[in-house]
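**Q** Right, I'll just put the structure down here and ask away after.
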Protein chains: 2
Amino acid sequence: MNTDATAPIKTTIPQTRIEPATLDDLPMMVDLVMELFSIEEDFQPNRALQEKGLRLIVEQPSRGRIFVARTDYEILGMVNCLFTISTAMGGFVVLLEDVIVHPDFRRQGVGTHLIDYVISYAKKKDFKRITLLTDKISEESQHFFENMGFDYSSMIPMRLSVDT
Amino acid sequence: MNTDATAPIKTTIPQTRIEPATLDDLPMMVDLVMELFSIEEDFQPNRALQEKGLRLIVEQPSRGRIFVARTDYEILGMVNCLFTISTAMGGFVVLLEDVIVHPDFRRQGVGTHLIDYVISYAKKKDFKRITLLTDKISEESQHFFENMGFDYSSMIPMRLSVDT
């Protein structure tokens, strides 16, 4: 147990491995995403919608990949990597969403492990950029992503919900 | 000619139509995107990269659609609609990038025409949300998108360029 809160956190939970999520992981991923959305300002959690979105990604690997950190028993955390094209970068880029570590497994390096994995994956697959598109995140989270090499951009995202 | 600067601009250039871009439109779209990037803070224009990115989208309609506003003679403007999946909305969403009106045809309603078209398209195709992902835009541009129904979100985008 790490009792020094200021020390860099490098330990990971033994036997942790990172793998692409499968449909079997859906219920636990829905729980994780719903918990995230319950603390985000712009969203109301909705089990049916979250499951639908997650399922679409798992079923269409050309659209993206959800990676989970797991032991033999549990899912410790997840990241959602969506694939799109950038006219600025001239190639495929990753939109990183839903970066979530289960509350029971925080401050044990799971997030770092996941993001390191995503960066290696992006390099290997020749993605040109990773853009973090999460909602208002805590200062602690921003600091985490800065430590992982992410910079602020001057983008001003605006949204329009489409009523059908 | 509209001489009242405060009046809503509703005129459009006669014979304007909006169509999906084709590979024949690439050179003119590259010019438009390069001009945009030359005024954006985060990007350096690069003809080869911009052409590569635009070509990838035109050649893979499952990834997105570029719409151009054109007459028989010229391209007046363009918008780049990328398709991805939202776990929050539980379905497909549009990322709107590269909203550009040619300098010779500004203040004649071309942008409004293009964005109206995109909103109708998104409704028809059951996209759940449109997120504008352009870089730091002028107050005038922000006002334009607000008028079109776009809201600010609390997202804080962060980026990491991937060195391969």
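**Q** Specify which of the listed residues (A:Pro61, A:Pro14, A:Pro8, A:Pro27) is over 16 Å from B:Ser86 (Cα atoms), of a type outside the set (A, V, I, L, M, F, W, C) and modelled with pLDDT of 95 or more.
**A** On the way: A:Pro61 fails: over 16 Å from B:Ser86 (Cα atoms); A:Pro14 fails: modelled with pLDDT of 95 or more; A:Pro8 fails: modelled with pLDDT of 95 or more.
The unique qualifying residue is A:Pro27.
**Q** Can you give me the number of residues within the stretch B:109-120 that are in contact with a strand residue (DSSP E or B) (Cβ under 8 Å, 6 or more places away or on another chain), more than 12 Å from every other protein chain (Cβ to nearest Cβ) and under 19 Å from B:His143 (Cβ atoms)?
**A** As a first pass, look at the stretch B:109-120 and keep what is in contact with a strand residue (DSSP E or B) (Cβ under 8 Å, 6 or more places away or on another chain): B:110-111, B:113-115, B:117-119.
Next, only the ones that are more than 12 Å from every other protein chain (Cβ to nearest Cβ) stay: B:110-111, B:113-114, B:117.
If we keep only those that are under 19 Å from B:His143 (Cβ atoms) as well, we get B:110-111, B:113-114.
Adding up the residues that qualify gives 4.
**Q** Answer yes or no as to whether A:Leu32 is touching a His at 6+ places or on another chain (Cβ under 9 Å), touching a residue at least 12 places away in the same chain (Cβ under 8 Å) and closer than 25 Å to B:Leu95 by Cα.
**A** Against the criterion (touching a His at 6+ places or on another chain (Cβ under 9 Å), touching a residue at least 12 places away in the same chain (Cβ under 8 Å) and closer than 25 Å to B:Leu95 by Cα), A:Leu32 qualifies.
**Q** Scan B:Phe83, B:Phe105 and give me the residue that is among the aromatic types (Phe, Trp, Tyr) and under 19 Å from B:Ser62 (Cβ atoms).
**A** Going through B:Phe83, B:Phe105 in turn, just one is among the aromatic types (Phe, Trp, Tyr) and under 19 Å from B:Ser62 (Cβ atoms): B:Phe83.
**Q** Oh, and also: If you scan the stretch A:111-129, which residues turn out to be small (Gly, Ala, Ser), more than 12 Å from the chain's Cα centre (by Cα) and closer than 21 Å to A:Leu76 by Cα? Talk me through it step by step, then tell me what you get.
**A** Taking the stretch A:111-129 as the starting set, the residues that turn out to be small (Gly, Ala, Ser) are A:111, A:120, A:122.
From what's left, more than 12 Å from the chain's Cα centre (by Cα): A:120, A:122.
Result: A:Ser120, single match.
**Q** Within the stretch B:107-129, take every residue that is at pLDDT 95 or above and part of a loop (DSSP other than H, G, I, E, B) and give me the one that is farthest from B:Ser86 (Cα to Cα).
**A** Looking at residues that are at pLDDT 95 or above and part of a loop (DSSP other than H, G, I, E, B), I get B:Lys125.
**Q** Here's a follow-up. Could you tell me whether A:Asp163 is among the charged types (D, E, K, R), surrounded by fewer than 17 Cβ atoms within 10 Å (Cβ to Cβ) and at pLDDT below 90? Please lay out each step first, then the result.
**A** On the way: among the charged types (D, E, K, R): yes; surrounded by fewer than 17 Cβ atoms within 10 Å (Cβ to Cβ): yes; at pLDDT below 90: yes.
So A:Asp163 fits the description; yes.
**Q** A follow-up question, please. Of all residues in the stretch A:95-108 being surrounded by fewer than 21 Cβ atoms within 10 Å (Cβ to Cβ) and not hydrophobic (A, V, I, L, M, F, W, C), which is farthest from A:Phe145 (Cα to Cα)?
**A** Only one residue fits best here, namely A:Asp104.
**Q** May I ask you to verify whether A:Asp98 is part of a loop (DSSP other than H, G, I, E, B) and either closer than 25 Å to B:Asp163 by Cα or more than 8 Å from chain B (Cβ to nearest Cβ) (or both)?
**A** No; evaluated as a whole, the condition is false for this residue.
**Q** Pairs only if they're at least six apart or on different chains, beta carbon under 6 angstrom, first in the stretch B:134-158 and over 22 Å from B:Tyr117 (Cα atoms) and hydroxyl-bearing (Ser, Thr, Tyr), second in a loop (DSSP other than H, G, I, E, B) and at pLDDT 85 or above; list them, first residue then second.
**A** Once the first residue is over 22 Å from B:Tyr117 (Cα atoms) and hydroxyl-bearing (Ser, Thr, Tyr) and sits in the stretch B:134-158, its partners that are in a loop (DSSP other than H, G, I, E, B) and at pLDDT 85 or above give B:Ser153/A:Pro157.
**Q** Here's another thing I want to ask about it. Looking at (1) more than 7 Å from chain B (Cβ to nearest Cβ); (2) surrounded by fewer than 16 Cβ atoms within 10 Å (Cβ to Cβ); (3) basic (Lys, Arg), find the lone condition where A:Lys123 falls short.
**A** Looking at each condition in turn, A:Lys123 falls short on (1).
Residue-wise test of (1) surrounded by fewer than 20 Cβ atoms within 10 Å (Cβ to Cβ); (2) without any contact (Cβ under 8 Å) to a residue 60 or more places away in the chain; (3) more than 11 Å from chain A (Cβ to nearest Cβ).
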position	(1), (2), (3)
B:Gln44	yes, yes, no
B:Leu56	yes, yes, no
B:Pro61	yes, yes, yes
B:Arg65	yes, yes, yes
B:Asn80	no, yes, no
B:Thr84	no, yes, no
B:Thr87	no, yes, no
B:Val93	no, yes, no
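**Q** Here's another thing I want to ask about it. Can you pull out every residue in the stretch A:130-164 that is assigned to a loop (DSSP other than H, G, I, E, B), of a type in the set (Ser, Thr, Tyr) and either more than 7 Å from every other protein chain (Cβ to nearest Cβ) or within 15 Å of the chain's Cα centre (by Cα) (or both)? Give the steps one after another, and end with the answer.
**A** So the first thing to find is which residues in the stretch A:130-164 are assigned to a loop (DSSP other than H, G, I, E, B), and the list is A:133-138, A:148-150, A:153-157, A:162-164.
From the residues that got through so far, the ones that are of a type in the set (Ser, Thr, Tyr) too are A:134, A:138, A:153-154, A:164.
Within the stretch A:130-164, A:Thr134, A:Ser138 meet the criteria.
The values are calculated or read from the model by the stated rules, or taken from the named source; none is laboratory data. Quick caveat: nothing in here was measured; it's all calculated off a predicted structure. Neighbour counts are summed over all protein chains in view; Cβ atoms, including those assigned to glycine, are modelled from backbone coordinates with ideal geometry.
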